[in-house]
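The values are calculated or read from the model by the stated rules, or taken from the named source; none is laboratory data. Everything quoted here is computed from the prediction, not taken from an experiment. Backbone-built Cβ (ideal geometry, glycine too); neighbour counts: all protein chains shown. Please note that ligands, DNA and RNA were not included when accessible areas were found on the heavy atoms of the full protein model with its side chains. Shrake-Rupley method; radii C 1.70, N 1.55, O 1.52, S 1.80 Å.
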Amino acid sequence: MYQIYLPSVEKTVVGKFCWWAFFFGAFYAVFSKKYRTKGFISKMFINMLIIVLLNCGLSYLFDDTDWLWNLVEAIYLGLMFNTWYYDQLIKNGYQEDHKRTSLEFE
């Protein structure tokens, strides 16, 4: 778990698999207030466009494997969602707070 902040705003980014993104894709970024930050939604849709085009190309090349590529796409999105959000916050000027202890149990 990472604590990052601007002087007046603090956000927490959990470094785990995002199940909501796994099930709902980029729509989770659009409708969730937690992930509202400048540039994140456009970044999500660009990444989703690339993933969907790869998915379509692989589905065209290999018959009857649509379900497999859809599953791979959803897993990749769930794995990378919080990383993309963290990177966008850093790009927007947020800084990681190294002084705070982690909220996770070890």
Dipole of the chain, Cα-centred, from +1 at each Lys and Arg C-beta and -1 at each Asp and Glu C-beta, to the nearest 20 debye?
660
Mean ellipticity per residue at 222 nm, deg cm²/dmol - from DSSP H runs of n ≥ 4 across the chain, formula -39500 (n - 2.57)
-18500 deg cm²/dmol
Carbon + sulfur, % of accessible area of the chain - ligands and nucleic acids excluded, 1.4 Å:
65
Mean separation of Cα contacts under 8 Å (6+ apart) over length of the chain, as relative contact order %:
43
Per residue, how much accessible area does the chain show when a 1.4 Å probe rolls over the protein heavy atoms, in square angstrom?
71
Ordered by packing density, taken as the mean number of other Cβ atoms within 10 Å over each peptide's residues, highest first, how do 19-28, 54-63 rank?
19-28, 54-63
Treating the angle as unsigned and between 0 and 90°, give the value, to the nearest 10°, between the Cα long axis of helix 66-91 and the longest Cα principal axis of the chain.
20
For the chain, take the longest principal axis of its alpha carbons; what is the angle in degrees between that and the long axis of helix 40-61, to the nearest 10 within 0 to 90?
20
State log₁₀ I(q)/I(0) for the stretch 20-106 at q = 0.14 Å⁻¹ as given by the Debye formula over alpha-carbon point scatterers of equal weight, solvent excluded.
-0.59
Sorted by accessible area with a 1.4 angstrom probe, largest first, how do I46, I41, I4 fall?
I46, I41, I4
